[in-house]
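Only one structure is covered here, and it is reproduced in the block below.
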Amino acid sequence: MKEREDIVAAVVEAAGGTLIGRVRLQKAVYLLDRLGLESGLSFEYHHYGPFSRDLDNATADAKAFGLIEEAFERRQRDGAAYSVFRLKGTPKEEAYGKLGATRTGEFACLFAETNVTVLELAATVDWLWRVEKYPDWKSEITKRKGVKVQGGRLEKAVELLSQLKLSPPAVPVAA
């Protein structure tokens, strides 16, 4: 049986044993689910895009059961705190869902290396067109995310989705 705390440990393991940031963990699990992880965790829209309270609870459980540890570090630029998750235990094989450990590792490593804002935008684009059914997801994400979409980040997010074979539909041209 797949336990939610094993899913968290599996994602951290798949990312090379360390995963930086709660937002990154949330978006990685969301996108991994789209790719076949089958976490069974429910997501809703929140400030940073798709968010799972279930995943937050699963992370607490993974820490309590000794599967992962969470350390807090600070950015040099502004002193803001962020989480660093490290693997301590061994997740069960079924925690990788249909993806399996190897494919989960390929994707999790990609997500670990991707700029967290680009990852957030990619998950949000996917959410907007798949879940909320926005045909003009581009205008909607620009409205919700503001400056985050600038500097080529939205284009990189769409490119990431394309690389994952999760491309959003073309935005309809206004008449």
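The values are calculated or read from the model by the stated rules, or taken from the named source; none is laboratory data. Nothing here was measured: the structure is a model prediction, and the numbers come from that model. Backbone-built Cβ (ideal geometry, glycine too); neighbour counts: all protein chains shown. Surface areas here come from the heavy atoms of the whole protein model, side chains and all, with no ligands, DNA or RNA. Shrake-Rupley method; radii C 1.70, N 1.55, O 1.52, S 1.80 Å.
Of the residues that make up the stretch 76-90, is at least one among the basic types (Lys, Arg), open to solvent by 20 Å² or more (accessible area, probe 1.4 Å) and within 18 Å of residue 30 (Cα to Cα)? Steps first, answer last, please.
Step one: filter the stretch 76-90 for residues among the basic types (Lys, Arg), giving 77, 86, 88.
From the residues that got through so far, the ones that are open to solvent by 20 Å² or more (accessible area, probe 1.4 Å) too are 77, 86, 88.
If we keep only those that are within 18 Å of residue 30 (Cα to Cα) as well, we get none.
The answer is no; no qualifying residue exists.
Taking the stretch 140-154 as the search range and keeping residues that are open to solvent by 90 Å² or more (accessible area, probe 1.4 Å) and in a helix (DSSP H, G or I), which one is nearest to residue 33 (Cα to Cα)?
Once the filter is applied, the top-ranked residue is 143.
Taking the stretch 110-133 on its own, how many of its residues are assigned to a helix (DSSP H, G or I) and open to solvent by 50 Å² or more (accessible area, probe 1.4 Å)? Give the steps one after another, and end with the answer.
Applying the first criterion (assigned to a helix (DSSP H, G or I)) to the stretch 110-133 yields 110-113, 116-130.
Checking which are open to solvent by 50 Å² or more (accessible area, probe 1.4 Å) leaves us with 113, 116, 129-130.
Selection size over the stretch 110-133: 4.
Among residues belonging to the stretch 91-109 that are of a type outside the set (Gly, Ala, Ser) and out of contact with any Leu (no Cβ under 8 Å at 6 or more places or on another chain), point out the one that is surrounded by the fewest Cβ atoms within 10 Å (Cβ to Cβ).
That would be 102.
What are the residue pairs meeting all of these: first residue in the stretch 84-97, first residue more than 18 Å from residue 20 (Cα to Cα), second residue open to solvent by 80 Å² or more (accessible area, probe 1.4 Å), Cβ atoms under 7 Å, and 6 or more apart or on different chains?
Final answer for the pair search is 97/38.
On the basis of being on the phi < 0 side of the Ramachandran plot and under 13 Å from the mean Cα position of the chain (by Cα), does residue 117 make the cut?
When the stated conditions are applied, residue 117 passes them.
Looking at the stretch 155-175 only, could you name the residues that are more than 19 Å from residue 46 (Cβ to Cβ), assigned to a helix (DSSP H, G or I) and open to solvent by less than 70 Å² (accessible area, probe 1.4 Å)?
158, 160, 161, 162
Kindly evaluate residue 45 against the criterion of being open to solvent by 20 Å² or more (accessible area, probe 1.4 Å), in contact with a Leu (Cβ under 9 Å, 6 or more places away or on another chain) and not in a loop (DSSP other than H, G, I, E, B).
yes
Specify which of the listed residues (27, 63) is in a helix (DSSP H, G or I), among the basic types (Lys, Arg) and over 30 Å from residue 159 (Cα atoms).
Matching residue, one of 27, 63: 63.
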